[in-house]
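Contents: one structure, followed by commentary.
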Amino acid sequence: MIRSVAFRSTILSIALFALFVIAWHLGVQQGASGGAAVDPEYARLVGAAAATGGQTPMPGPLDVAATIWRHFTDPFYVRGTNDMGIGIQLAYSLARVLTGFLTAAAIAIPLGFLIGMSPVVYRALDPFIQILKPISPLAWMPLALYTIRDSAISSIFVIFICSIWPMLINTAFGVASVRKEWLNVARTLEVGHLRRAFTVILPAAAPTILTGMRISIGIAWLVIVAAEMLVGGTGIGYFVWNEWNNLSITNIVTAILLIGIVGMILDQILARFTKLVTYPE
Amino acid sequence: MSEKYISIEGIARRFPSPDGGVTTIFEDLWFAMKRGEFVCVIGHSGCGKTTVLNILAGLDEPSTGVVVVDGKAIEGPSLDRAVIFQSHALLPWKTVMGNVAYAVRSKWLKWSQAEVAAQAQKFIDLVHLTGAEAKKPAMLSGGMKQRVGIARALAIEPKIMLMDEPFSALDALTRGSLQDEVRTICAMTSQTVFMITHDVDEAIYLADKIVLMTNGPGARIAEIVENPLPKARQRRDVHKHPAYYPLRNHIIDFLVSRSKSFAAEIEALRGAGRPYDPRHPPVARPGIPEPTIAAPVEPFRVSAAG
């Protein structure tokens, strides 16, 4: 029965995807057939792209597939600052996200640990966290640019500031809600503070901490696109904005798809780690 | 003083109550245990049994009074006093071996990996869990989990075992076989055991002395019942001993009626010229001809009852 559910859901997924592609294909063809008549001389003057009435035609699934294939076969070319392979752009974005995220983890997890261990610190820091948490990370961008004076580091800072809160809050919560009986076991065994932190509290809180990390990386990947659109230069966000300026809708659609896939992979990696540290009770 | 291996001296536990006053869970408890003695505490929920055990474990502190173990007042938890928790409290991310070895490692920090594993294995075998070493607690039955808890407590070779209703969550058959094992192991290692239970038969089967506590708040030790059954009792014939039912009835009578009305009993004792002395609670030996209620050795003024 389980196998048949998996089988049927796969069939349904494929069917839905096929339906979507066909609808997309038909929809695009309909739009293209109604192309506005343009003065041929004007068309010659402004170039081929504008010949369809000043509007780039919406690409069909076949155009996008061709572009994806082109990017996949040659992802790492560099032909100048505004023409780099999509693999290179993704690598830039990933490097920023990972730098910001790992820096945030290196600070948030130990700090969250201390906050979770002490009810006094927990309460003292709570109002700050509550105020800082809902701030859109992009709102920090001007301040970052002004103080850091480096657009690349500023975008990393924005990733840092957006990924720190879920990890901080989850770590503190996970540490504060370690079952009392487990702590009592450690106490009756006269386990020292440091050993207790690593052998009882950390494993007990690990699933909650990993969940925080998973939320953080999701947010970081959402924010990097917008941050790179602002700072420019490199990265998948800049790529999307650049292709918008080029009016290359196929490239934009390709990039959107890739952003989704990379985001999913990041999420799945952390989901895998979460599964490793989760314990059944 | 060598008589008193554990000496509970006038402990009380008070909490601020929601209405601004003070709630006293129990007060002025005095009680001593000899080395190698098996003591069960019986009383209704809320009389502070678990708090007494936590104070003995060093996990909790009395509001007043002290507990002296082996000539030293308790200051926090110690590896000399192992606790078997009601909820077994195994670390769910560790295997059976991991849980027992964790305790062994905590006691002997300098031991090699092999020494720790050998000590843990010895006690896993002792509680008949050989073969389940690599299992996580979630894969074990309730009885097996509690066996791991027992192995973990025994593996650190404690001087005292503290058990908080260790078998209450188990079915009757499993409970019976675990009681047998605990009895055998404790006799073998001549452990000093302090155990809380709700089960009268369990107390009769296991204990040398049974401490009866009155209902809380303001709980007291009403009586210490000395078990008249022979030390080498067997499960198959323990209930045929002539003293078994008098003893059982005595404890059940206490639980059903006397535990509630003990304040009136204190008054009656005072009226009879044998005032209740919290330092020397009456000792009973039901089932033995002419059950003697030991009079206080020296006259003490009874503090205002209640």
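Read-outs throughout are calculated quantities, based only on the coordinates presented, and are distinct from any laboratory measurement. If you're wondering where the values come from, they're calculated on a predicted model, not measured in any experiment. When we count neighbours, we look across all protein chains shown, and the Cβ atoms used for this are built from the backbone with ideal geometry, even at glycine.
Worth pointing out:
- Taking B:Ile84, B:Ile224, B:Ile266 in turn, the Gaussian network model of chain B (Cα-Cα springs below 10 Å) assigns the largest fluctuation to B:Ile266.
- Karplus-derived 3J(HN,Hα) values for segment B:187-193, using 6.51 cos²θ - 1.76 cosθ + 1.60 with θ = phi - 60°, are 5, 4, 9, 5, 6, 8, 10 Hz; glycine and proline are entered as x.
- Highest-MSF residue in chain A out of A:Thr211, A:Thr147, A:Thr188 [GNM, Cα springs under 10 Å]: A:Thr188
- Taking B:Lys209, B:Lys122, B:Lys110 in turn, the Gaussian network model of chain B (Cα-Cα springs below 10 Å) assigns the largest fluctuation to B:Lys110.
- Under 30 Å of direct C-alpha separation, and excluding same-chain neighbours fewer than eight residues apart, B:Lys136 reaches these lysines: A:Lys180, A:Lys275, B:Lys94, B:Lys107, B:Lys110, B:Lys122, B:Lys145, B:Lys159.
- For B:Ala222, the residues whose amide H sits under 5 Å from its own are B:Leu212, B:Met213, B:Thr214, ignoring neighbours fewer than 5 places away on the same chain, with H placed 1.01 Å from N.
- Label-to-label distance, nm, for residues given as B:Arg183 and A:Ala23 (7 Å Cα→Cβ offset): 7.4
- Backbone N under 19 Å from the B:Trp111 label point (7 Å along Cα→Cβ), restricted to segment B:139-157: B:147-157
- Alpha-carbon Rg/Rh ratio, for segment A:95-211, with Rh computed the Kirkwood way: 1.08
- Positive-end ranking of A:Met58, B:Asn227, B:Ala12 along the dipole of the protein assembly as shown, with charges on Cβ about the Cα centre, is headed by B:Asn227.
- Residues whose amide H falls under 5 Å from that of B:Asp60, counting only those 5 or more places apart or on a different chain, are B:Ile55, with hydrogens built in the peptide plane.
- With a Förster radius of 56 Å applied to the beta-carbon distance between A:Leu102 and B:Lys34, the computed FRET efficiency rounds to 0.40.
- Seen through its C-alpha gyration tensor, with square-root eigenvalues sorted a ≥ b ≥ c, segment B:56-114 comes out oblate because a/c lies at 1.5 or above while a/b is not bigger than b/c.
- Cα convex hull, segment B:2-117: 158 Å³ per residue, rounded to a whole number.
- Per-residue [θ]222 nm for the protein assembly as shown (sum of -39500 (n - 2.57) over DSSP H runs n ≥ 4, rounded to 500): -17000 deg cm²/dmol
- Protection proxy ranking, peptides A:107-113, A:125-131, B:200-206, B:100-106, average beta carbon neighbours within 10 Å, highest first: B:100-106, B:200-206, A:107-113, A:125-131
- The amide H of A:Tyr279, built 1.01 Å from its N in the peptide plane, has no neighbour under 5 Å, considering only residues 5 or more places off or on other chains.
- Linear extension gain, A:Ala95 paired with A:Ala139, 0.36 nm per residue minus alpha-carbon span: 13.7 nm
- Estimated FRET transfer efficiency (A:Ile261, B:Lys135; beta-carbon r; R0 56 Å; 0.05): 0.90
- Signed unit charges on C-beta, dipole axis of the protein assembly as shown, positive-most listed residue B:Ile25, B:Gly143, A:His71: B:Gly143
- Residue by residue along A:189-200, Cβ atoms of other protein chains within 10 Å of the local Cβ number 4 on average.
- Its Cα gyration tensor gives the protein assembly as shown an equivalent ellipsoid, and the semi-axes of that ellipsoid, as √(5λ) in whole Å with the largest first, are 73, 26, 22.
- Remark: the A:Gln130-A:Ala197 segment gains 21.5 nm on full extension, using 0.36 nm per residue and subtracting the alpha carbon distance.
- Seen against the Cα atoms of chain B and their longest principal axis, helix B:96-107 is set at about 70 degrees.
- Cβ-placed point charges (K, R +1; D, E -1), dipole of the protein assembly as shown about Cα centre in debye, nearest 20: 920
- Centre separation in Å (Cα based) which lies between segment A:156-221 and segment A:233-281: 26
- Inter-chain neighbour count for B:76-87: the average number of beta-carbon atoms from partner chains within 10 Å of each residue's beta-carbon is 3.
- Highest mean first, the peptides B:144-151, B:48-55, A:17-24, B:279-286 sorted by other C-beta atoms within 10 Å per residue fall in the order B:144-151, B:48-55, B:279-286, A:17-24.
- Per residue, the convex hull around the alpha carbon atoms of segment B:123-278 comes to 144 Å³.
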